[in-house]
Amino acid sequence: MAYADIESRFFRLAQAISRTVPDRVKIGAVLTKNRKILSVGFNRMDKTHTAMDRLGCKKRLHAELSAVIGVRWSDVQGAVLFLYRTMRNGKLGMSRPCCHCQIILRNAGIRRVYYTDPSHPNSVDFMDIRGR
Ligand SMILES: [Zn+2]
């Protein structure tokens, strides 16, 4: 199976998760490594992360952190994250990680993040968190 097919599978899963989020902001996350799923996450109002408290970001646990929490540190090293945001009208929305999450993802060892971006010709863009 081509990597693009696997990527689109991860995005479809992230999309399905995002649609279940009982919040105005609907973001699903799929954490992967070596083309296998490590965990999934979604943004939630009922949980936060100590690192978010330190950074002054207490409002909600963002989907990308929700996916990373609870995964073994050694597994997270070099992992690839997929983020999908569903808007209330059902269309995809921007899910680029915020600056707080980017810091935490970098410290956690995430290698690359793919995220939905309605302004991008392919509706998807990515950022390399770690240069290795
Ligand atoms: Zn964030």
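Values in this text are rule-based calculations from the coordinates and carry no lab data. Please read these numbers as outputs of a predicted model, since none were measured by experiment. Here Cβ is always computed from backbone atoms with ideal geometry, including for glycine, and neighbour counts include all displayed protein chains.
Between the amide H of residue 39 and those of 31, distances stay under 5 Å, these residues lying 5 or more places away or on another chain, with hydrogens modeled in the peptide plane. Which length gain, in nm to one decimal place, applies between residue 98 and residue 34 when the Cα-Cα distance is subtracted from 0.36 nm times their residue separation? The span from residue 98 to residue 34 would gain 20.5 nm if fully extended. Think of it as helices only: each DSSP H run of n ≥ 4 in the chain is worth -39500 (n - 2.57), and spread over all residues that comes to -8500 deg cm²/dmol at 222 nm.
Here region 3-128 was treated as a single set of alpha-carbon atoms; its pair distances binned every 5 Å from 0 give 2, 12, 24, 25, 22, 11, 4, 0 percent. In plain terms, the residue of 72, 60 with the fewest other Cβ atoms within 10 Å comes first and the most crowded comes last, giving 72, 60. Eight or more residues apart or on different chains, and alpha-carbon atoms under 20 Å: count the Lys pairs in the chain matching that. Taking the Cα cut-off of 20 Å, the pair count is 6. Given a Förster radius of 30 Å and the C-beta distance between residue 73 and residue 127 as r, what FRET efficiency does 1/(1 + (r/R0)^6) yield to the nearest 0.05? For residue 73 and residue 127, the calculated efficiency is 0.90. From least to most packed, judged by other beta carbons within 10 angstrom and beginning with the fewest, 104, 27 follow the order 104, 27. For region 1-32, trypsin sites (Lys or Arg not before Pro) meeting the loop criterion (DSSP other than H, G, I, E, B) and having at most 11 other Cβ atoms within 10 Å: 24.
Per residue and in Å³, how big is the convex hull formed by the alpha-carbon atoms of region 64-132?
Spread over its residues, the Cα hull of region 64-132 gives 91 Å³ apiece.
Extending 7 Å from Cα along the Cβ direction at residue 45 and again at residue 24 yields two label points whose distance is 0.9 nm.
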